[in-house]
Amino acid sequence: MHIDIITVLPELLESPFGHSIMKRAQEKGLLVVKTHALRQWAVNEYGQVDDYQYGGGAGMVLMCEPLVNAIEALSKERKYDGIIYLTPDGQTLQQSMANQLSMKENLLLICGHYKGIDQRIRDHYITREISIGDYVLSGGELAAAVLVDAIGRLLPGVLNNETSALTDSFQDNLLAPPVYTRPAEFKGWKIPDILLSGDLKK
Ligand code: ADE
């Protein structure tokens, strides 16, 4: 799977994919994540990518032109199965959505910042809007990291034991059970007897 991310803050996304399962997924060639700094498509030499809102509301808005140029340039490289905008008023991310998206080949994620992106981009390019919860972050970058992690770990071959994603919480609409490791007793706190019975089914 190939995921491109357009952002005004690529630095924010340097770490989340550089460790643990996401790192392994990329090393195995199962996942490619590329961040693209929106400023390379800035409208002037000052690196401008945002402007004031019409109507005078507080906060800046990411402009149409840099976003269109970014989306068009990246779309020449590959055909996207979805152009996703991370936004608090999008559809709330659920495991079923991550499962569905994990079956796509190419995704383009767009991170808003400040007050978001010009509505015309949403109207003309965005195919899906996703929120990671009912709270407002400073930008879509952390939400994009959450989405990529949720999708990336589902790609076949990413986890060592394929079944471990299947037994995650939410995969069967149930929460995963509590888990324990050795020792069986610590400070007098014992693990449930049934786990020592040797009967895996139980
Ligand atoms: N951008 C700002 N807040 C967000 C949220 N809760 N989900 C997705 N993108 C966001």
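Please go through the range 165-202 and pick out each residue that is touching a residue at least 12 places away in the same chain (Cβ under 8 Å) and aromatic (Phe, Trp, Tyr).
Result: PHE170, TYR180.
If I filter the range 137-148 for residues that are within 16 Å of the ligand (Cβ to nearest atom) and assigned to a strand (DSSP E or B), do I get at least one hit?
Looking through the range 137-148, at least one residue is within 16 Å of the ligand (Cβ to nearest atom) and assigned to a strand (DSSP E or B).
Any idea how many residues of the range 22-52 are in contact (Cβ under 8 Å) with a residue 40 or more places away in the chain and surrounded by 15 or more Cβ atoms within 10 Å (Cβ to Cβ)?
Step one: filter the range 22-52 for residues in contact (Cβ under 8 Å) with a residue 40 or more places away in the chain, giving 22, 24-25, 28, 30-31, 33, 49-50.
Checking the rest, the ones that are also surrounded by 15 or more Cβ atoms within 10 Å (Cβ to Cβ) come to 22, 24-25, 31, 33, 49-50.
The qualifying residues number 7.
Of all residues in the range 121-141, which are more than 23 Å from ILE71 (Cα to Cα) and touching a Ser or Thr at 6+ places or on another chain (Cβ under 9 Å)?
GLY133, ASP134
For the range 95-111, enumerate the residues that are within 13 Å of the ligand (Cβ to nearest atom) and either more than 12 Å from the chain's Cα centre (by Cα) or closer than 20 Å to GLU77 by Cα (or both). Before you say what the answer is, go through the steps one by one.
Initially, the range 95-111 is screened for residues within 13 Å of the ligand (Cβ to nearest atom), giving 97, 109-111.
Once the filter is applied, which keeps residues that are within 13 Å of the ligand (Cβ to nearest atom) and either more than 12 Å from the chain's Cα centre (by Cα) or closer than 20 Å to GLU77 by Cα (or both), the range 95-111 yields LEU109, ILE110, CYS111.
Can you tell me which residue among GLY157, GLY198 is under 25 Å from GLU77 (Cβ atoms) and at pLDDT below 95?
On the way: GLY198 fails: under 25 Å from GLU77 (Cβ atoms).
So the residue among GLY157, GLY198 that is under 25 Å from GLU77 (Cβ atoms) and at pLDDT below 95 is GLY157.
Quickly run through the range 112-132 and pick out the residues that are crowded, with 18+ Cβ neighbours inside 10 Å, within 11 Å of the ligand (Cβ to nearest atom) and closer than 11 Å to LEU62 by Cβ.
Of everything in the range 112-132, those that are crowded, with 18+ Cβ neighbours inside 10 Å, within 11 Å of the ligand (Cβ to nearest atom) and closer than 11 Å to LEU62 by Cβ turn out to be GLY112, HIS113, GLY116, ILE117.
The values are calculated or read from the model by the stated rules, or taken from the named source; none is laboratory data. Predicted model, so just to flag it, every value in this text is computed and none were measured. Here the Cβ is made from the backbone with ideal geometry for all residues, glycine too, and neighbour counts use every protein chain on show.
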